[in-house]
Amino acid sequence: MLRRVLQLGLGRSLLIRGLETRSGNSILDWDGKVSEFKKKIQSIMPGEPSNLMCDTKHLPPEHSDVVIVGGGVVGLSVAFWLKKLEKRQGAIRVLVVERDHTYSKASTGLSVGGIRQQFSLPQNVQLSLFSVDFLRNINEYLAVVDGPPLDLQFNPLGYLLLASEKGAAVLETNVKMQRQEGAKISLMSPEQLQKKFPWINTEGVALASYGLENEGWFDPWSLLQGLRRKVQSMGVLFCEGEVTRFITSSNSMRNSDGEEVNLKRIHEVHVKMDNSLEYQPVECAIVVNAAGAWSGQLAELAGIGKGPPGTLEGTKLPVEPRKRFVYLWHCPQGPGLETPLVTDTSGVYFRREGLSNNYVGGRSPTEEEEPDPADLEVDHDFFQNKVWPHLAQRVPAFEALKVHSAWAGYYDYNTFDQNGVVGPHPLVVNMYFASGFSGHGLQHAPGVGRAVAEVLLGGCFQTIDMTPFLFSRFYLEEKVLEQNII
Amino acid sequence: MRESVRDGTRWWGERPAPSGYEAQQDGGTQGVQAGFELTVILLPQPSKCREHRLAPPHPARDSERRILQEPGSWEFLRLIPPKWNGGKRGFRDLSGVVTPEGNRRKRRTLLQFLSDHFCDMEFLRENVLQKQMQKVSLENRSFTIIQDKYGRDIAGACFILQHGGSVKFRDREWIRSDEYRRFSAEVLKFQAVPVEAIDASGCAINYHGLDNLLPLKKLQCLSLQRCPHVDDWCLSRLYLLADSLQELSLAGCPQISERGLACLHHLSNLRRLDISDLPGVEYPGLTQILVEEMLPNCEVVGTDWTQEGPEEQPQDPASPIHAKPAARDLGDPCGVS
């Protein structure tokens, strides 16, 4: 009987209390109580300015194990994999610092959103395959209790790469390697191409490679939102601010050749709040540089590249912002539903957008024509002079088209070899890089995030061996060249 | 932790109204965290209430008592409704096509509240979610042993039969499994006969499950009607059947959109394509026209513009699609009955 009474009594009281808190009697009134409490303190201690209860909600925490600079897809993916791979839930405190929460200039939202396996480096193919697997099972990876399922809007239509006679041999060896890695790529002769896609003019095309599976394009924004939602539910902290300063200490050491080497370690990151002079020093153990196009500047802040040229200390992170234009045009007679993402021999690319004969495309300018990356203004003459002629030559239907809109975005362009930088810096020992992907950061983000998290937690790459992408290649001048930059 | 949570799940799912105290004392849930135990205590025991008759019925408290005694009123404290182990909710929840009823919403908000306040509850719910997803992927494993022993056609046929679909070998009758998904072993004798047609309507096949179907080189007719897990990614793999496939039905698949339909252009031998009733396609009419343009040799069955009812639907007398009862073991995932 006692048990019964206890059961009922406990049960009811707990239930009722629970429902009361839910209706917000004690919790929702918190702010009001705080101000009351402040007034009381002021009346007790009149002379003192009451900074005891100063509101610091908008500031980042004072300590964090890992600070990820850059809240784009790459940064969030690093955060996701750190939380996913940690041994005990909540073991690592992760803070993501993002300058602009509207992502107005971030490369993530402005990209065309393509994913392909047609790269010339095996590591890039592996990264792509890993990412495609991630995207396919995105509702398992990024499932949040009570959250609606994500719709990535993936268009599995493949990439069609065209090669002239000069590039045919390279294309063939690349496809061979891609097939070995497990990608489903088919080679096509101009005749087959003409039969498959009658709207293409095969003049000047010697060989084409066409991705049959796992290639296409998706909505980058929904991937970003999904990652953000998941990462937040895993307990990662977010902060809107800019990293302005690193507090470092340095140790002088001698290497085996007897040369003196300065090893640096970052202790604090100063995060400056938006539109104010206020900043918060965040003590941290590890900094991840995922600042995309601005990661070169961030590395300079940490003192990377500020030594005599030719030494490891003087080796800069060769990542700089490059402006790329994307145009959206309408062409009533344009290619139909089956249109893949076509990349011409001239470097012009386009894809279908929606069902009403709209197309999105652009072209990477040559070194000489490189536009000024200070702002995101669109150069419409570039389309008229450099893009349209090639488009119309490849697809005759594009003779008659109307540009509806255009935008510009940044590539985190690696001037050294157009490939990503992943892993720790050899001298600033607790700065890890995840940047410099020169336009394929979005599609490689899930794989890169995992690689960085593995290095951070375990000390070595496990899933995909990314040792060729380490920072030291800049000093050793070993270029890891990627030919297929679109 | 995982062990104990699994114990808890089974316990909640199978025993309808256990007494909280006993369950704690018999050691079955010793590893379960504090928040979980709390909810265990909260559960009253309706049958015992009636036996003991603790207090005389009080008029004012009568209604309250009745609510307390009614098992239904306490149901929202369960982690999962008791019918859950049928696996029906599993993919209903994932495909997200079930409209929430009022009762369901109430339970969900309470669960939300609990998981906001008790981290154990949160972990538990995350685990349940993971379990639901694992179940689907477990069901879609490849039949590698059968494939090695009897060949690809038999493996594909067994896979479909085990999912509750039906299979037609060349020049044979349709074979289907019964409601417990059993089927006669004579399927294994058809080793030299290729599979000609598959009706997988309503089956929980996903991307990985297609591995069993794609090696069927003589497959001419494939019906994936109302498959809750067939999505655009699956359609992008159908190009492997391009040489033989002549009829494809995708009617009623909740996850298919026009983006996936676009990659059916690989299927050049297709004679008939059913894309009616796809809730994921935003502009069904326009999509149908574009698909017709893309596949000029193919008859595309899509939205019924004339509104003449189901007479327009393709009725193949040999196909068992319409002969079957609607309430299959898998249920009706997209709410179309």
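Condition check: modelled with pLDDT under 95, away from chain B (no Cβ under 14 Å), open to solvent by 30 Å² or more (accessible area, probe 1.4 Å) and out of contact with any Ser or Thr (no Cβ under 6 Å at 6 or more places or on another chain). Does A:G310 satisfy that? Yes.
Please verify whether the range A:16-35 includes one or more residues that are assigned to a loop (DSSP other than H, G, I, E, B), open to solvent by less than 50 Å² (accessible area, probe 1.4 Å) and either at pLDDT below 85 or over 27 Å from A:V231 (Cβ atoms) (or both). Within the range A:16-35, one or more residues are assigned to a loop (DSSP other than H, G, I, E, B), open to solvent by less than 50 Å² (accessible area, probe 1.4 Å) and either at pLDDT below 85 or over 27 Å from A:V231 (Cβ atoms) (or both). Restricted to helices (runs of 4 or more DSSP H) entirely inside the range B:180-295, those with at least 3 residues that are β-branched (V, I, T) are B:284-294. Residues that are within 24 Å of the chain's Cα centre (by Cα) and open to solvent by 30 Å² or more (accessible area, probe 1.4 Å) within the range A:348-365 comprise A:E353, A:R363, A:S364, listed in sequence order. Among the residues of the range B:239-259, the ones that are open to solvent by less than 10 Å² (accessible area, probe 1.4 Å) and within 14 Å of chain A (Cβ to nearest Cβ) come to 3 in all. The residues of the range A:312-352 that are more than 30 Å from B:C263 (Cβ to Cβ) and without any contact (Cβ under 8 Å) to a residue 40 or more places away in the chain amount to a single one, A:G314.
In the set (1) open to solvent by 50 Å² or more (accessible area, probe 1.4 Å); (2) touching a Cys at 6+ places or on another chain (Cβ under 9 Å), the condition left unmet by B:S236 is number (1). For the range B:191-211, the condition holds for no residue, the condition being that it is open to solvent by 60 Å² or more (accessible area, probe 1.4 Å), within 27 Å of A:R136 (Cβ to Cβ) and more than 14 Å from chain A (Cβ to nearest Cβ).
Checking the structure you have, find out if any residue of the range B:262-269 is of a type in the set (G, A, S), open to solvent by 10 Å² or more (accessible area, probe 1.4 Å) and farther than 21 Å from A:T339 by Cβ. Break it down stepwise before answering.
Here is the first cut: in the range B:262-269, the ones of a type in the set (G, A, S) are B:262, B:268.
Add one more test, that the residue is open to solvent by 10 Å² or more (accessible area, probe 1.4 Å), and what stays is B:268.
Okay, now just the ones that are also farther than 21 Å from A:T339 by Cβ, so none.
No, that holds for no residue.
Counting just the residues of the range A:149-181 that are away from chain B (no Cβ under 14 Å) and either polar (S, T, N, Q) or closer than 27 Å to B:I256 by Cβ (or both), which one comes out surrounded by the most Cβ atoms within 10 Å (Cβ to Cβ)? Working first, answer last.
So in the range A:149-181, the residues away from chain B (no Cβ under 14 Å) come out as A:161-181.
If we keep only those that are either polar (S, T, N, Q) or closer than 27 Å to B:I256 by Cβ (or both) as well, we get A:164, A:173-174, A:178, A:180.
Values: A:S164: 14, A:T173: 11, A:N174: 22, A:Q178: 24, A:Q180: 10.
Taking the candidates together, the pick is A:Q178.
Farther than 26 Å from B:V230 by Cβ, surrounded by 15 or more Cβ atoms within 10 Å (Cβ to Cβ) and touching a helix residue (DSSP H, G or I) at 6+ places or on another chain (Cβ under 9 Å), is that true of B:S115? Yes: the conditions hold for B:S115.
The values are calculated or read from the model by the stated rules, or taken from the named source; none is laboratory data. Source: prediction; values computed, not measured. Glycine also receives a Cβ, built like all others from the backbone with ideal geometry; neighbour counts cover every protein chain displayed. Heads up: the accessible areas ignore ligands, DNA and RNA and are worked out on the full protein's heavy atoms, side chains in. Shrake-Rupley method; radii C 1.70, N 1.55, O 1.52, S 1.80 Å.
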